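Chemist: Shown below is the structure under consideration.
Just so it is clear, none of the values below were taken in a lab; they were calculated from the coordinates. Because the structure is predicted, anything quoted here is derived from the model rather than measured. Virtual Cβ from ideal backbone geometry, glycine too; neighbours counted across all protein chains shown.
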Amino acid sequence: MNGLDQLIPEGYKTSEVGIIPERWNAVLAKEVVEFFGGYGFSSRLASNDGTKWLKIANVGINEIKWGAVSYLPEYLLQSFKEYSLAENDVVMALTRPLLGDQLKVAKIESKDLPALLNQRVAKLKPKSSNNLNYIYYSIQREDFIAAMNLAMAGTDPPNIGTNALGKIFVAIPEDEKEQIAIANALSDVDALLTELEKLIAKKQSIKTAAMQQLLTGKTRLPQFATYTEGAVEGKSQGQPKDTKPSELGEIPEDWDVDRIGDVSTVDPQNLGAGTSPDYEFEYISLEQVDNGKLIGTTQYKFQDAPSRARRVLKHNDVLLSTVRPNLKSHLFIRDKVKNLICSTGFAVIRSGNIKLCSEFIFHHLFCHVINNQIEMLISGSNYPAINSNDVKNLKIAVPPIEEQTAIATILSDMDNEIQTLEQRLAKTRQVKQGMMQELLTGRTRLPF
């Protein structure tokens with residue numbers, strides 16, 4: 001027995017895709033599936049409605065995306081039956097087929113139909129008794145994607161042909177029942193991922209609606225909606241609070257409209273030229289903030305830092321992205337920090353006012369009240385950006401501090417709930433990747 005034999009577990013064998021079970025085979029993809037390319041429909045056939053025209057842009061990672069939907073006349077369904085799609089068909093992109101290390105492949109659902117398959121998108125047709133769902137997951141394996149990258153080397157834009165796909169090896173169980181068992185296990189995880197994504201989208205919609213109502217005073221929290229005894233002369237206990245006109249529209253009569261520059265300090269502290277070259281700090285760039293979330297920081301000494309690394313940050317500071325502010329790369333510094341610096345691409349809003357809640361301002365950055373003002377400032381610009389003076393002049397409706405704090409707490413609690421679900425979603429995706437590595441190589445076997 002040689003050294004290699006000692007490394008191969010009993011019941012397994014070596015193959016072109018590594019060690020696999022004895023009753024599995026490593027075969028060329030073309031032996032188990034046909035990659036059927038779509039048709040080159042002329043753009044002159046495009047119509048305003050009719051049959052969906054499935055193009056490269058519509059194929060995402062495990063999903064069909066109709067954000068940019070095109071249509072073909074319905075009569076073409078009869079003329080091009082072989083290119084007509086059906087529920088549970090599997091399609092994949094042939095041009096720019098990878099996003100990072102993930103394959104643009106998806107299943108067709110009833111809501112996607114009727115649809116016709118365009119060129120540079122392939123439909124997978126299983127051969128013999130091979131299970132399409134198993135093949136769907138098998139071509140998403142790391143080694144299959146690595147082989148695709150090799151086949152696409154030198155192409156611009158990256159593209160792969162159906163013949164090249166057919167020459168990539170896949171590992172497949174001889175017994176279709178085992179293929180089905182593996183595909184079902186992975187499908188169950190996909191179903192969980194879909195439900196989590198739907199729940200997150202629902203929670204985000206609820207939070208957006210809550211922001212629009214609470215931050216404008218259209219909906220008042222019960223404890224602030226009526227007057228208390230003796231709070232205001234001439235107002236009796238339990239009397240509902242009225243509204244008043246303002247430059248931001250109707251607001252509660254006990255709210256005020258203020259400029260951000262009047263109730264806070266913008267860009268209060270910056271690193272000067274006299275900063276020690278050896279001063280070490282954590283740096284936040286524009287790219288490290290995404291829609292209220294900090295992705296990471298970079299450690300620098302001042303002498304090595306980017307020229308934009310100047311804004312000094314403190315606990316409770318609010319960062320408003322002044323470069324492409326429509327992307328909403330804003331951030332709230334919730335924790336106590338030390339030696340934290342951000343890019344001058346942010347405006348730092350600091351409240352030293354006991355009558356202003358910083359977190360209340362932060363939530364406003366994602367509300368239409370602020371966003372509409374920013375949109376007016378950047379409208380028509382080739383390089384959408386605002387400056388610190390623009391930030392100072394942004395206006396918000398400001399309630400008493402107790403109500404600000406209550407509103408901010410409710411919205412932050414919603415953010416925390418969404419973040420918890422997003423973490424669960426990320427963890428489930430990791431679990432799925434681990435399952436694919438185990439099940440699609442036969443390292444872990446399922447009863448069938």
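Chemist: For Asp413 and Val323, calculate 0.36 nm times their separation in residues minus their Cα-Cα distance, and state this gained length in nm to one decimal.
Modeler: 29.6 nm is the gain from fully extending Asp413 to Val323.
Chemist: Checking the cross-link filter: which lysines have an alpha carbon closer than 19 Å to that of Lys235, excluding same-chain neighbours under 8 positions apart?
Modeler: Straight-line reach from Lys235, under 19 Å: Lys244.
Chemist: Which one, Gln430, Gln237, Gln212, has the greatest fluctuation when you compute a Gaussian network model over the chain with C-alpha springs under 10 angstrom?
Modeler: Gln237
Chemist: Calculate how many DSSP beta bridges within region 210-352 are antiparallel, expressed in % of all such bridges and rounded to the nearest 5.
Modeler: Beta bridges within region 210-352, antiparallel portion: roughly 85 percent.
Chemist: Which residues in region 284-305 place their backbone N less than 17 Å from a point set 7 Å from the Cα of Asp278 along the Cα-to-Cβ direction?
Modeler: 300-305
Chemist: Please report the net charge: other residues with Cβ closer than 14 Å to the Cβ of Ala185, K and R +1, D and E -1.
Modeler: With Lys, Arg at +1 and Asp, Glu at -1, the neighbours total 0.
Chemist: Quickly work out the Thr428-to-Val232 label distance, labels modelled 7 Å from Cα along the C-beta direction, and quote it in nm with one decimal.
Modeler: It is 4.7 nm.
Chemist: Normalise the Debye intensity by I(0) for the chain, one equal point scatterer per Cα, no solvent, then take log10 at q = 0.12 Å⁻¹ and round to two decimals.
Modeler: -1.09
Chemist: Can you list the residues, at least 5 places off or on another chain, whose amide H is less than 5 Å from the amide H of Ile251, using H built in the peptide plane?
Modeler: Excluding prolines and chain starts, which carry no amide H, the hits are Lys244, Ser246.
Chemist: Strictly over 30 Å apart at the Cα level, which of Lys202/Lys427; Lys301/Lys427; Lys207/Lys336; Lys202/Lys336; Lys123/Lys202; Lys207/Lys241 would you flag in this model?
Modeler: Lys301/Lys427; Lys202/Lys336; Lys123/Lys202
Chemist: Could you sort 374-381, 47-54 so that the peptide with the highest average Cβ count within 10 Å comes first and the rest follow in order?
Modeler: Result, highest mean Cβ count within 10 Å first: 47-54, 374-381.
Chemist: Let me ask something else. In percent, what relative contact order does the chain have, based on Cα pairs under 8 Å that are 6 or more apart in sequence?
Modeler: Computed value for the chain: 15 percent relative contact order.
Chemist: If I take the Cα coordinates of region 3-174 and project them onto the principal axes, what are the three extents in Å, biggest first?
Modeler: 66, 36, 24
Chemist: Here's something else I'd like to know. For a test of the definition: using alpha carbon positions, the gyration tensor, and the 1.5 limit on a/c, classify region 30-85 as rounded, prolate or oblate.
Modeler: Because a/c hits 1.5 or more and a/b fails to exceed b/c, region 30-85 counts as oblate.
Chemist: Further, regarding this structure: Relative contact order (percent) for region 3-174, with alpha-carbon contacts under 8 angstrom and 6 or more residues of separation?
Modeler: Contact order relative to length: 32 percent.
Chemist: Let me ask something additional. Find which of Leu113, Leu331, Thr243 sits farthest along the positive direction of the dipole of the chain, computed with +1 on the beta-carbon of Lys and Arg, -1 on that of Asp and Glu, about the Cα centre.
Modeler: Leu113
Chemist: When the convex hull of the C-alpha atoms of region 144-210 is computed, what volume per residue in Å³ does it have?
Modeler: Looking at region 144-210, the number lands at 143 Å³ per residue.
Chemist: Still on this structure, please answer the following. Pick from Leu271, Leu124, Leu165: which is most flexible by mean-square fluctuation in a GNM of the chain where alpha carbon atoms under 10 Å apart are linked?
Modeler: Leu271
Chemist: What is the dipole size for region 3-174, taken about its Cα centre, with +1 at each Lys and Arg Cβ and -1 at each Asp and Glu Cβ, in debye to the nearest 20?
Modeler: 580 debye
Chemist: Still on this model: Between Glu22 and Ile8, with labels modelled 7 Å along Cα→Cβ, what's the label distance in nm to one decimal, could you check?
Modeler: Using points 7 Å along Cα→Cβ, the separation is 1.1 nm.
Chemist: With a 10 Å Cβ neighbour count serving as the proxy for reagent exposure, in which order, fewest first, do Trp66, Trp24 appear?
Modeler: Trp66, Trp24
Chemist: Among Ser84, Ser388, Ser43, determine the one that fluctuates most according to a GNM of the chain built with springs between C-alpha atoms less than 10 Å apart.
Modeler: Among Ser84, Ser388, Ser43, the largest mean-square fluctuation in the Gaussian network model of the chain belongs to Ser43.
Chemist: Using label points projected 7 Å from each Cα along Cα→Cβ, tell me how many nm separate Ile378 and Gln119, to one decimal.
Modeler: Placing both labels 7 Å along Cα→Cβ, they lie 3.8 nm apart.
Chemist: So, one more: Please give the calculated 222 nm ellipticity per residue for the chain, where each DSSP H segment of at least 4 residues contributes -39500 (n - 2.57) and the sum is spread over every residue; nearest 500 deg cm²/dmol?
Modeler: It lands at -10000 deg cm²/dmol.
Chemist: Follow-up. Report the local net charge at Thr155: Lys and Arg +1, Asp and Glu -1, summed over other residues whose C-beta lies under 13 Å from its C-beta.
Modeler: Combined, the nearby Lys, Arg, Asp and Glu give +1.
Chemist: Follow-up question, since we're still on this one. Based on the mean of other beta carbon atoms within 10 Å per residue, what is the order of 273-281, 98-106, most packed first?
Modeler: 98-106, 273-281
Chemist: I've got another one for you. Report the full-extension gain for the segment Asp304 to Lys177: residue separation times 0.36 nm, less the Cα-Cα distance, to one decimal in nm.
Modeler: The Asp304-Lys177 span can extend by a further 39.7 nm.
Chemist: Let me ask you something else. To the nearest 0.05, what FRET efficiency results for Asp190 and Leu150 with a Förster distance of 30 Å applied to their C-beta separation?
Modeler: Efficiency at R0 = 30 Å is approximately 0.60.
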